Amino acid sequence: MELHEKKEQFLEEMANKIRQDIIAMLVEAKSGHSAGPLGMADIFTALYFHILNHDPKNPNWPERDRVVLSNGHICPVLYATLANAGYFPVEELMTLRKLGTRLQGHPHRTALPGLETTSGPLGSGLSEAIGIALALRLDNKKNRVYCLTSDGEHDEGNTWEAVMFAGKQGSKLNNLTAIMDRNNIQIDGFTENVMPLESIRAKYEAFNWHVLEVNGNDIAEFVAAVNEAKAIYEKPTMIIAHTIPGKGVSFMENDFTWHGKPPKPEEAKRALHELRTLEGRIKSEHE
């Protein structure tokens, strides 16, 4: 699964497209979360356009890899990625959070193709992913399971029950890779002020996980980490992905107040201009 220069460029351009879709969705919905989805666009792009074994034309393909989104509030990035990958029309993104939509404020498994779980209550996703991964092993399947989780939800006790249980399983769960969005923010402020998590790496290692740390906004670095995780046979892997919340939009970056609010129309216009011009480094086609 080598990442060549042309493919890396394609992935970076797709991540930028997904960020633009996120902004457009949120301003249309007038509600939703901004910072997390923008920060995770590179990782979701890498997963769905390079890493995963999946088939958008056959979402229930038995041999597909499974993706569990634990922190369901960042679903705009999942929806935008699924749409651009071909699971449903991109135009449908504009129905986010509207009455009767398939694109609810948190993912609803049976509402939309490509969703493996329903998420909402934080801290549940890792347990679900562990169950899926163990079930696949019981059936002698080679599918891999990826669980997206947030740093803030590690305030939840049930997350640590899952971490302990997975570590006990050891090699039985070498098909599980968890990916933590380590953006250092949550709705009330910075994680280390609300409920300090460090050293998060040492904690996972103490519970018998293989731990990798990467720049989550560097697609090539993330892909390399996933490749390494596939080579670990003794235990599950946690990839701690250090991301910039609000990535790509200067006035949102590293500002926890953007955790749970959408941009207003003028803010969205400014954000889209920055994304389309890479903060002024290229001339916008829309000017």
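Give me the pairs, please: first residue somewhere in the stretch 205-222 and closer than 25 Å to Phe165 by Cβ, second residue anywhere and modelled with pLDDT of 95 or more and of a type in the set (S, T, N, Q), beta-carbon distance under 6 Å, and either six or more positions apart or on two chains.
Note: pairs meeting the criteria are His210/Thr237.
Check whether at least one residue in the stretch 241-248 is in a helix (DSSP H, G or I) and surrounded by fewer than 19 Cβ atoms within 10 Å (Cβ to Cβ), and report yes or no. Talk me through it step by step, then tell me what you get.
Just the residues of the stretch 241-248 that are in a helix (DSSP H, G or I), to begin with: none.
Within the stretch 241-248 (the criterion being in a helix (DSSP H, G or I) and surrounded by fewer than 19 Cβ atoms within 10 Å (Cβ to Cβ)), the answer is no, since none of the residues qualifies.
Looking only at the stretch 1-22, count every residue that is farther than 16 Å from Thr81 by Cβ and in a helix (DSSP H, G or I) and tell me the total. Steps first, please.
Restricting attention to the stretch 1-22, the residues satisfying the condition of being farther than 16 Å from Thr81 by Cβ are 1-9.
Adding the requirement that they be in a helix (DSSP H, G or I) leaves 5-9.
Result for the stretch 1-22: 5.
Among the residues of the stretch 127-148, is there at least one that is of a type in the set (Asp, Glu) and outside any strand (DSSP E or B)?
yes
Just to verify a result, which residue in the stretch 100-145, among those that are of a type in the set (Val, Ile, Thr) and over 19 Å from Thr159 (Cα atoms), is modelled with the highest pLDDT?
Thr101
Scan the stretch 25-67 residue by residue and report those that are buried (at least 17 other Cβ atoms within 10 Å of the Cβ), small (Gly, Ala, Ser) and closer than 24 Å to Arg270 by Cα.
Within the stretch 25-67, Ala29, Gly32, Ser34, Ala35, Gly36, Gly39, Ala41 meet the criteria.
Any idea how many residues of the stretch 94-149 are in contact with a Lys or Arg (Cβ under 9 Å, 6 or more places away or on another chain), hydroxyl-bearing (Ser, Thr, Tyr) and surrounded by fewer than 18 Cβ atoms within 10 Å (Cβ to Cβ)?
2
Restricting to the stretch 197-217, give me the number of residues that are surrounded by 18 or more Cβ atoms within 10 Å (Cβ to Cβ) and either in a helix (DSSP H, G or I) or within 16 Å of the chain's Cα centre (by Cα) (or both).
Qualifying residue count, the stretch 197-217: 5.
For Glu116, indicate whether it is part of a helix (DSSP H, G or I) and either in contact (Cβ under 8 Å) with a residue 12 or more places away in the chain or not charged (D, E, K, R) (or both). Steps first, answer last, please.
On the way: part of a helix (DSSP H, G or I): no; either in contact (Cβ under 8 Å) with a residue 12 or more places away in the chain or not charged (D, E, K, R) (or both): yes.
No; evaluated as a whole, the condition is false for this residue.
For the stretch 58-90, which positions are of a type in the set (Gly, Ala, Ser) and in contact with a Lys or Arg (Cβ under 9 Å, 6 or more places away or on another chain)?
Across the stretch 58-90, the qualifying residues are Ala80, Gly86.
Is one or more of the residues making up the stretch 222-239 surrounded by fewer than 21 Cβ atoms within 10 Å (Cβ to Cβ), at positive phi and either at pLDDT 95 or above or part of a loop (DSSP other than H, G, I, E, B) (or both)?
Looking for residues that are surrounded by fewer than 21 Cβ atoms within 10 Å (Cβ to Cβ), at positive phi and either at pLDDT 95 or above or part of a loop (DSSP other than H, G, I, E, B) (or both), one finds none in the stretch 222-239, hence no.
Yes or no: the stretch 80-99 includes at least one residue that is more than 22 Å from Glu13 (Cβ to Cβ), touching a strand residue (DSSP E or B) at 6+ places or on another chain (Cβ under 9 Å), modelled with pLDDT of 95 or more and not charged (D, E, K, R).
no
Within the stretch 163-180, is there a residue that is touching a Leu at 6+ places or on another chain (Cβ under 9 Å), among the basic types (Lys, Arg) and part of a strand (DSSP E or B)?
no
The values are calculated or read from the model by the stated rules, or taken from the named source; none is laboratory data. Model, not experiment: these values are computed from the prediction. Cβ: placed from backbone, ideal geometry, glycine included. Neighbour counts: every protein chain shown.
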